1. Which members of region 172-196 meet the condition of being of a type in the set (Lys, Arg) and assigned to a loop (DSSP other than H, G, I, E, B)?
2. Looking at region 102-171, what helices (runs of 4 or more DSSP H) fall wholly within it and have at least 1 residues that are open to solvent by 20 Å² or more (accessible area, probe 1.4 Å) and within 18 Å of Val87 (Cβ to Cβ)?
3. Which of the residues that make up region 81-96 are in a loop (DSSP other than H, G, I, E, B) and crowded, with 17+ Cβ neighbours inside 10 Å?
4. Need the failing condition index for Glu173 against (1) farther than 13 Å from Asn19 by Cα; (2) at pLDDT below 95; (3) more than 16 Å from the ligand (Cβ to nearest atom), just the number.
5. State yes or no: is Ser53 touching a helix residue (DSSP H, G or I) at 6+ places or on another chain (Cβ under 9 Å) and among the polar types (S, T, N, Q)?
6. Within region 104-159, can you find the residues that are under 20 Å from the mean Cα position of the chain (by Cα) and of a type in the set (Lys, Arg)?
7. Can you tell me which of (1) away from the ligand (no atom under 16 Å from the Cβ); (2) touching a helix residue (DSSP H, G or I) at 6+ places or on another chain (Cβ under 7 Å); (3) hydroxyl-bearing (Ser, Thr, Tyr) is the one Ser206 doesn't meet?
8. For region 1-49, what are the residues that are without any contact (Cβ under 8 Å) to a residue 12 or more places away in the chain and charged (D, E, K, R)?
Amino acid sequence: MKKRVFSGARPTGRQHLGNYLGAIQNYVKLQDEYDCIYCIVDVHALTSLEDTSELQQNIYELALDWLAAGIDPHNSIIFVQSHVPEVMELHTFLSMVTPLSWLLRVPTFKEKVKIQPHNVNYGLVGYPVLMTADIILYKAEVVPVGEDQLPHLELAREIARRFNNLFGNTFPEPEAKLTSFPLILGLDGKEKMSKQLGNDIEIALSSEETVERVMTAVTDPARRYRNDPGHPEICNIYRLHQHFTPSQLDGIAEQCRTAKIGCVECKTLLAQGINSALKPFHERRAALVAKPNYVTDVLTDGAQRAGVIAKETIKEVKQRMRLI
Ligand code: SF4
């Protein structure tokens, strides 16, 4: 029996290289070892989303990128959080066993209050409870997390433990699968790659668009003229070469330091590397786009399969709580 993995991602639309090198490639790999449930967490998005006009399109584009990248809907369950409403029910039950003090001390809640002081909604403080419901509704045993997310998972374990102590052993305490996600900086070379910051390179861009985006990247600021020697160790283009043209790294570093290669040429090489690495992804994406309703059908099937597990869990939870 394979262990069950659960992971969720916000519907952020078309994915960028940071998402791809971090979460998506990891999702694809996990499928070999685990039964995977991948959820597009649209309800979580509502805690900070005040305009939902692009929500459905963003769900579609995210799912399409996942599928084109190799998440296999025959092996894994891919679905949208709100399509399995039992999660809201479990969220309410877990809210009754979670002390408010546990939630108020969560660092990300405090950060969100600073980021969106005009919209400190009830959902923000309950976010970790809904996240726990997401995981334990499907009795997932393993959750892939980066080190920064460990406190969230610990809180989920505490909530599950508290429920088990109060009502009897119902949920496995989900374990962290610590994953080192490479930090991918954006085109500004300073901040983490992010759609909101506009410093990203979407993986679904055409080859020409990728070249255009790469050309806008900030490089070594000391290289003001073509003949100035460069410092690849501080250049984000060089860091990206590590992922897309690893066999040429030593040569690029040496040529940069001796000004034998210019930044335009170096960026062209990188763009070629990205386009060649993403060629199979682009081909699969185009093939999936050509199939009418494919993404919708996958998400409908995923919700149906997730719903079967969810209904069983809710029945058990209600029995434990003596609600039926
Ligand atoms: S040559 Fe390449 S590695 Fe060197 S500074 Fe320019 S873009 Fe960066």
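1. Taking region 172-196 as the starting set, the residues that turn out to be of a type in the set (Lys, Arg) are 177, 190, 192, 195.
Selection gives Lys190, Lys195.
2. Details: elements: 107-115, 122-137, 150-167.
Filter on region 102-171 gives 122-137, 150-167.
3. Let us first name the residues in region 81-96 that are in a loop (DSSP other than H, G, I, E, B), namely 84-85, 96.
Once the filter is applied, which keeps residues that are in a loop (DSSP other than H, G, I, E, B) and crowded, with 17+ Cβ neighbours inside 10 Å, region 81-96 yields only Val84.
4. (2)
5. Working: touching a helix residue (DSSP H, G or I) at 6+ places or on another chain (Cβ under 9 Å): no; among the polar types (S, T, N, Q): yes.
So Ser53 does not fit the description; no.
6. Within region 104-159, just Lys112 meets the criteria.
7. Evaluating Ser206 over (1) away from the ligand (no atom under 16 Å from the Cβ); (2) touching a helix residue (DSSP H, G or I) at 6+ places or on another chain (Cβ under 7 Å); (3) hydroxyl-bearing (Ser, Thr, Tyr) leaves (2) as the failure.
8. Going residue by residue through region 1-49, those that are without any contact (Cβ under 8 Å) to a residue 12 or more places away in the chain are 1, 29, 32, 49.
Answer for region 1-49, where residues must be without any contact (Cβ under 8 Å) to a residue 12 or more places away in the chain and charged (D, E, K, R): Lys29, Asp32.
The values are calculated or read from the model by the stated rules, or taken from the named source; none is laboratory data. All values derive from a computational prediction rather than experimental measurement. Neighbour counts are summed over all protein chains in view; Cβ atoms, including those assigned to glycine, are modelled from backbone coordinates with ideal geometry. Calculation scope for accessible area: heavy atoms of the full protein, side chains included, ligands and nucleic acids excluded. Shrake-Rupley method; radii C 1.70, N 1.55, O 1.52, S 1.80 Å.
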